[in-house]
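All remarks here apply to the structure that follows.
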Amino acid sequence: MKVYTKWTDLRESASNLSVALGMFDGVHRGHQSIIGRAVELAAQTGGQSAVLTFRNHPLSVLAPESMPPQIGDTRLKELLIERLGVDILLCLPFTRELSREKPEDFLTTLQKYLAPRHVVTGPNFTFGSKGKGTQRMLLRCGRDFGFEAEICPAIQEEGSPVSSTRIRRLLAGGRLTEANLFLGYPFTFLGFVIHGDRRGRTLGFPTANLAIPDARVMLPNGVYAAVAVAEGRTYRALANIGTNPTFPGCNHRLEVNIQDFEGDLYDKLLEVRFLAQLREEKKFASVEDLVHQMHRDKETAKKYWR
């Protein structure tokens with residue numbers, strides 16, 4: 001997948017495009033249906049599939065105080081979109097200037113640089129100043145700008161549309177099984193490994209530590225069965241979210257014990273996929289009690305590892 005960050009990067013490389021439009025935070029099942037339809041249309045016409053999205057949420061510019069925590073960052077979004085078979089990703093910065101653009105001007109720019117044959121989006125997509133551009137406008141005006149518009153219906157689950165807002169609430173409430181169902185894949189955290197206290201290796205459970213940005217939605221503190229992807233290989237893992245209260249002075253972070261892994265992951269990218277919560281975070285009376293529990297956690301996690 002080719003990744004671009006400016007309109008002007010695409011003029012010579014893109015042709016016969018089927019473009020999916022959206023913010024796509026979390027790339028959940030609803031997003032997957034939109035992107036998948038663009039991939040399908042590209043295959044039918046012998047063209048290329050593309051996704052047009054933003055690096056930052058529009059609310060980060062328009063109303064920072066109302067900005068929700070994000071399910072994934074730009075790196076994770078890129079990874080998930082690539083796995084859907086997309087040819088081109090255009091990930092633009094959302095700016096105040098862009099927010100003032102008339103819907104017609106946005107469509108003119110889209111035509112100028114991408115010249116799409118198809119444009120696909122969801123039922124809640126808006127564009128242009130104050131969201132005046134709607135899916136109805138796309139359907140009505142698309143041919144004037146050289147494309148056929150298609151609006152994918154919302155994916156329903158438990159009687160309501162799957163949405164990033166619902167998934168954020170599920171994750172924050174610790175309802176991982178439901179969140180994974182809505183996402184269509186295990187909730188995933190992607191980050192670079194940082195230096196920790198190196199205490200885990202003395203306990204027989206060495207960990208790779210990841211910082212948790214305030215801008216990211218995260219599961220409640222606790223121990224989870226997980227899968228870790230490191231240097232292109234997949235491993236079984238135990239993941240601990242929290243402050244490790246048995247040892248004072250630890251900051252909030254994600255600690256990942258990767259089974260059967262040997263090597264140095266400092267400053268390298270680590271992907272963590274959460275499968276199930278094993279227990280809540282707990283302060284133990286002694287280090288020995290903690291180690292015994294960690295062994296029990298490992299045994300419990302085996303039923304979730306495949």
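Here the condition is being surrounded by 18 or more Cβ atoms within 10 Å (Cβ to Cβ) and either in contact (Cβ under 8 Å) with a residue 24 or more places away in the chain or of a type outside the set (A, V, I, L, M) (or both); of Leu114, Leu92, it holds for Leu114 alone. The residue pairs whose first member lies in region 27-38 and is farther than 11 Å from Val86 by Cβ and at pLDDT 95 or above, whose second member is among the basic types (Lys, Arg) and part of a helix (DSSP H, G or I), and whose beta carbons are closer than 7 Å, counting only pairs six or more residues apart or on different chains, do not exist in this structure.
In region 115-138, of all residues being at pLDDT 95 or above and among the β-branched types (Val, Ile, Thr), the one that is farthest from Ala50 (Cα to Cα) corresponds to Thr121.
When the strands (runs of 3 or more DSSP E) confined to region 1-99 are screened for residues that are of a type in the set (A, V, I, L, M, F, W, C), those reaching at least 2 such residues are found at 17-21, 48-54, 88-92.
Just one of the listed residues (Gly173, Gly184) is over 21 Å from Val119 (Cα atoms) and either touching a Gly at 6+ places or on another chain (Cβ under 9 Å) or crowded, with 16+ Cβ neighbours inside 10 Å (or both), and it is Gly184. Listed by first and then second residue, the pairs with beta-carbon distance under 8 Å, at least 6 apart or on different chains, first residue in region 183-207 and closer than 30 Å to Val27 by Cα and at pLDDT below 95, second in a strand (DSSP E or B) and among the acidic types (Asp, Glu), are Thr207/Glu255.
The values are calculated or read from the model by the stated rules, or taken from the named source; none is laboratory data. Since this is a predicted model, take the numbers as computed values, not measurements. Positions of Cβ are backbone-derived with ideal geometry, glycine not excepted, and every protein chain shown enters the neighbour counts.
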